[in-house]
Each structure stands twice: as structure tokens, then as C-alpha cells.
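Heads up: the structure comes next, in C-alpha cells.
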Amino acid sequence: MNLIKTLWGFLFRLFPCPTALGLQKIGEPDSASPVIVTCNFFTTVKRLKKALAGLDVWLLVAESKGVNVWCAAGGEEFNTHSVVSAVKVSGIADMVDHRRLILPPLCAPGVKASAVREETGFKVSWGPVWLQDIPAYLNNGMKRTEAMKRVTYNLRERLDTGMGSLFVFYFLGALCFLLLGRSLLWDYLAIGAAVFFLFMLAVPVLPGKRGLTKIILPEAVLALALTAGFFCPSTRAALPRADLIIAMTVLLVCATELGGLASTMGSDLDPFLARLGIGAIGNVYLAGTVRTELLNGYRTLTFHPERCVGCRTCTEICPQGVWEMGEEHRAAMARPDACTACRACLVQCDAQAITAEPAEGYVFKGSPIG
């Protein structure tokens, strides 16, 4: 069963893969041991246990409907209530002397730290972005380096997240070819795998900020090759033309999903679907949400310096490093172009110094969902 769940969580990450909720012991924790909170996505819990091997910690698994931290928080499935309920039901307050929870920072769009503290008495500390850095974080007195605060998207991470979310489309494509065009099945399998790998390899150097803009250049090259193929009268050119169409289609699917996979990029697909008026797909809310309205330009992220109390929460929680401390101990939006509309700063700023204001001239028909 664990093998099936491991494969499912790795290759079909678009679908829930839940594991048991509740408090677990890693090693031999005592009343002074740290409490690490995570979601109940099987793959996350398994990898976290591996990273924590040899340590003595409490692991508190909270409800996220079997979805990973980043997606569940964005879809508000991993939320304040999830963490509060996990703390209260587990009885962790009777097992430790301290009152500190270590949460993954990528859950900040869904879990409000001040609300958790108010309802449980536990203060939230944001751990490293990547779970493999948790041992170093704990050994450093629960202090994060700058690198631990920010997301990256190197090749290994791109392949990992890409395989998890794109394999289902690759599988469905293979099924279609098997049923409707068996002569091209092996072409599709080889070309699909090659395009996926080459695109993920080239993402950092391709121009553009989002997935769909990053495929303009390679799609143009493939389109030129396809157009040239039509001028070749040879019947042997038919198969290469089919291969080019396969490559262009696979590339489009990879790029469309890329923005949703990468915490370093804003989504392409979600704001497009929101413009079509689609309210939600599964646990992902679309039309009427602050996130898609920011991505579509209907709202703008606005900083009110007169409200800022210099708490540094925004600088600590933004995975992109958009915020820095400026003059008079107040925050400043240092890298606005890096913002992916994840909403972490909006949710965590108790002073309401950061808001999502309607864009000039845009009139909302109703209140946003959030």
C-alpha cells in the first residue's frame, strides 16, 4: 500500500493522497522538543520523516484534504482552522513546556499566525521553505538564513514538481494514442518525455516571466519547422509533421501548468479561467478571488507606510523576497515585479499595511472570495 501511495503521490500529485492526521513521534521527543506542523499529504509527510531521521521532534499532521502545503494553502484547504484543530485534538499543549509551533512558510497564504496564537496560545515560527533544511534550522537555534526563507526552482525541483503534476496529462495522451492513433504512440512517448525534460532544463534561460510567455520562442521555432514541412511534397514528411504537432502540444501543456507548479512564478491558467468566469475547479478557487484579481490586474498590491509597525512579518514570509526593511524601520516593496500574488503578506500583516486595492477604473460586481 505504501508503494502505491508513494507512486501516486509522486506521479499524480494533482489528486489528493492523504495520510493519517494527528501527533507523531520522531525519535524520542520530550517536553522541550520542537513541534513541527505539516499537511496530511502522504508524500510530504514521508519526505519530512526522512529529513528528520535522527532528531527528537514532535510531528503534528494537520488536515489539508491530502493535498501538498503550497496548493492546499492556496486553495484554503490547509488553513488556520486546520492547525488550531490539530493542536487542540492532539493534546500537544500537555506534552511540551514551550508554546511554539514550527510551520512551513508556504502555508502562510492559508494559515494566519496571529489567529493561531490567539486560539491556541502557541506562537508560530516559520521554518525553512525546503524541508531538507529543517535539521540545520533546528541546530541553528531555530534561526533561518536568508536562503531558508526564499523559494528556488532548480532543475531537480522542476523535474520533481513537473512529474507530479504533468504525468497525468502524459498518461492520458498515451491512452488516446493507444486507442486512436497507435502508429504514433511510440513517437508520442519519446517526444513527450524529451520535450518535458528539455523545457524544464531551459526554463531559466527562456525569456518571459510566466510559463506561457516562456514557450513563445520554442513554439515559434517549431511552427516554422512545421510550416516548412508543408512545402515538402514527399509523403515521408507526414510523420515528422505529426511529431512537430505532438511536440508543440506537449510544450503548451507543460507551459500552461508551469505557473501553478512553480512558487517562483505567477499562474497562467488560473487567471485565464477566472476571466472566463469559472468560480472553482476542485479545491482551487478562481473567479472572484484576490489572487486571480491581482494576477489579472483587477487589483494592485498596495503598501500603506503610515500603517506599518515595522514587525518585519512581510520580509520574513514572502517567498520571493519582494519586501525589505526601508527607512524609519518600515517595510518597502523592493522587488514588486517578483510578486506572484501568493497573498502571504496580505494574510499575515495584522496592521493592514498591505492591501489589495481595486485597479483604477475597475468596478467589482461583488466581493472577492479571498
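The values are calculated or read from the model by the stated rules, or taken from the named source; none is laboratory data. Quantities reported herein were computed from a predicted structural model and do not represent experimental measurements. Note that each Cβ is placed from the backbone with ideal geometry, even for glycine, and that neighbours are counted across all protein chains shown. Only protein heavy atoms, including side chains, enter the accessible area calculation; ligands, DNA and RNA are left aside. Shrake-Rupley method; radii C 1.70, N 1.55, O 1.52, S 1.80 Å.
Observations on the structure shown:
- When 63, 118, 28 are checked against the criterion of being out of contact with any strand residue (DSSP E or B) (no Cβ under 6 Å at 6 or more places or on another chain), free of Cβ contacts under 8 Å to residues at least 24 places away in the same chain and more than 22 Å from residue 161 (Cβ to Cβ), 118 stands alone in meeting it.
Per-residue answers, yes or no, for (1) within 20 Å of residue 10 (Cα to Cα); (2) within 28 Å of the chain's Cα centre (by Cα):
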| position | (1), (2) |
| --- | --- |
| 158 | yes, yes |
| 169 | yes, yes |
| 173 | yes, yes |
| 179 | no, no |
| 189 | yes, yes |
| 194 | yes, yes |
| 210 | no, yes |
| 227 | no, no |
| 244 | no, no |
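- Per the conditions (1) of a type in the set (Ser, Thr, Tyr); (2) free of Cβ contacts under 8 Å to residues at least 60 places away in the same chain; (3) open to solvent by less than 20 Å² (accessible area, probe 1.4 Å); (4) not in a loop (DSSP other than H, G, I, E, B), the sole criterion not satisfied by residue 6 is (3).
- Of residues in the stretch 135-156 being open to solvent by less than 50 Å² (accessible area, probe 1.4 Å) and outside any loop (DSSP other than H, G, I, E, B), the one nearest to residue 50 (Cα to Cα): 135
- Cβ-Cβ under 7 Å pairs, at least 6 apart or on other chains, the stretch 161-178 side part of a helix (DSSP H, G or I), far side at pLDDT below 90 and among the acidic types (Asp, Glu): 165/257; 166/257
- For the stretch 285-326, filtered to residues that are part of a strand (DSSP E or B) and buried (at least 21 other Cβ atoms within 10 Å of the Cβ), the residue that is modelled with the highest pLDDT is 323.
- Residue 272 being among the aromatic types (Phe, Trp, Tyr) and modelled with pLDDT of 90 or more: no
- Segments classed as strands (runs of 3 or more DSSP E), wholly inside the stretch 57-134, with at least 1 members that are crowded, with 19+ Cβ neighbours inside 10 Å and in contact with an Asp or Glu (Cβ under 9 Å, 6 or more places away or on another chain): 123-126
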